[in-house]
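The values are calculated or read from the model by the stated rules, or taken from the named source; none is laboratory data. All values reported here derive from a predicted model rather than from experimental measurement. FYI the Cβ positions are ideal-geometry reconstructions off the backbone, even for glycines, and counts take in every protein chain you see. Each accessible area value is taken on the protein alone, full model and side chains, heavy atoms only, with ligands, DNA and RNA left out. Shrake-Rupley method; radii C 1.70, N 1.55, O 1.52, S 1.80 Å.
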Amino acid sequence: MSRLREAKPPVRKPLWTFALLDEDGGGKGVRPAPVVHQDGVLYVRTKKDGLYAVDAATGRERWRAPLTGPRLGAPAATSGAVFVATDGGAVHALRTADGEPMWRQAPGSRLRTPSPGDVWTSGSVALVSFHPSTYDEDPHPPPSVLYALDTRKGDLRWQTEASLLEVRDGLACVNPPDGSLTALDPRTGAVRWVAPLEKSGGRCTLDAFAAGLLFGRNGNVGIGSKLVAYDPRTGDVRWTAPAAHSSVPVAHGDAVYISGPGPSKRDQQRLQAFDATSGKLRWTAPAFSTRLYESPIIAADGDCAYLCWSENHLDEDRTTLRAHDAATGRERWRSTRHVTSYAADGAPGNRLFVCYLSDWYCHDTRTGDALWRVSAGETTTGPPLLSVDGMLYFANDKGIHALRL
């Protein structure tokens, strides 16, 4: 069933909003950093006012730490401390109870105008990459450097040239300068395994987790890359499949979904579902239209895989959203809106959220109906939604918002 030119759904009023506004009513730059939740507290960074700790139930400010800077990485929070990286190569540890400083170290201060990545924690170690500034004409751009700091005192444990992708199941997964996917011991920096890059000039990614395996892409990500399933203990490749353009794989349960190429180069992309363990192709959805170098958005839950793509049709932007049965690939419903989309994410309670231009729409996953919408802000690539204990939290250029699912 298709519904063209659907009317906008009603606006949903947040349960609470923690406003982040300048005196002139403008936003304070919350956009680049996602909201982090720990023990009933939300942590979010802004460019101008630093790190805020906000009560997740009431939206009241608990404390603020003036750690400012134009480039924002996400903080990492534990039960006793929150760790934040800032411009200039510094890492700060703050007490979660009141935001008081515990320690500050600047391991990346010698890098060329370093900008911070997201902080991750693993046991007694906090890890963060700093990325030196580069120039288009620089024939040998400096590499990013990963630092591991002791969470208690901030002492440097080890460092290596790499960009940190994620810390998971006792592994720090990184991209060293050669673009390979490398797994390190977070405590010592020792290399556990290396998945080499197949094509020079590309890189490996880490995108999804399912059935005890890691999933990423290997090659010239964007065109000609492969979907690869890795054994997290050894780095051995369990199976591979072709991946089209810059499609990012999504995993749910025992299935992995990705946009794959058709039988010939002229064919359009197709949504494909694979058995996560064996790599067996379960089903392929009919072809869809997309422009070169652009990627469809994929989301999934236990019932369906959702394919969302935007295109310009007769000088008018159009987004098509399709739901495919997770077991068979059969199309359950389709919705078309004459606007561009930028993100999609599932949530409990038969909810699918799609960001259309400047609004998050809440779709009923059973019917495709758009139930309500909230403002995503003036920007189109804001932080992802956060779903915790029946609540939905998100940030935009105006502040932090809470909705009850």
### Message
About the Cα centre, and with charges only on the beta carbon of Lys, Arg (+1) and Asp, Glu (-1), how big is the dipole of the chain? Nearest 20 debye, please.
### Response
440
### Task
For the range 341-405, state the semi-axes of the equivalent ellipsoid (square roots of 5 times the eigenvalues of the alpha-carbon gyration tensor), sorted largest first and rounded to whole angstrom.
18, 14, 9
### Task
Past 23 Å, Cα to Cα, is the threshold; run LYS13/LYS398; LYS48/LYS398; LYS13/LYS48; LYS8/LYS48 against it and keep the listed order.
LYS13/LYS48; LYS8/LYS48
### Task
For the chain, build the convex hull from the C-alpha positions and give me its volume per residue in Å³.
155
### Task
Give me the distance between the Cα centres of the range 129-152 and the range 41-113, rounded to whole Å.
20
### Query
If you build a Gaussian network model of the chain, linking Cα atoms that sit under 10 Å apart, which residue out of THR121, THR328, THR86 swings the most?
THR328
### Query
Picking from SER129, SER295, SER79, which is most flexible by a Gaussian network model of the chain using Cα springs under 10 Å?
SER79
### Query
Per the 1.4 Å probe, what fraction of the accessible area of the chain, in percent, lies on carbon and sulfur atoms?
48
### Query
What percent do you get for the relative contact order of the chain when only Cα pairs under 8 Å and 6+ apart count?
12
### Message
Please give me the summed charge of the neighbours of GLY253: other residues whose Cβ is under 11 Å from its Cβ, Lys and Arg +1, Asp and Glu -1.
### Response
-4
## Note on the structure
Given a 1.4 Å probe, the accessible area of the chain per residue, as a whole number of Å², is 45
## Note on the structure
With Cα springs under 10 Å, the Gaussian network model of the chain assigns the largest mean-square fluctuation among VAL256, VAL174, VAL11 to VAL11
### Query
Shape of the range 104-207 from its Cα gyration tensor (a ≥ b ≥ c, root eigenvalues): rounded if a/c is under 1.5, otherwise prolate when a/b > b/c, or oblate?
oblate
### Message
Tell me the net charge near GLU166. Cut-off is 13 Å between Cβ atoms, GLU166 excluded, with +1 for each Lys or Arg and -1 for each Asp or Glu.
### Response
-2
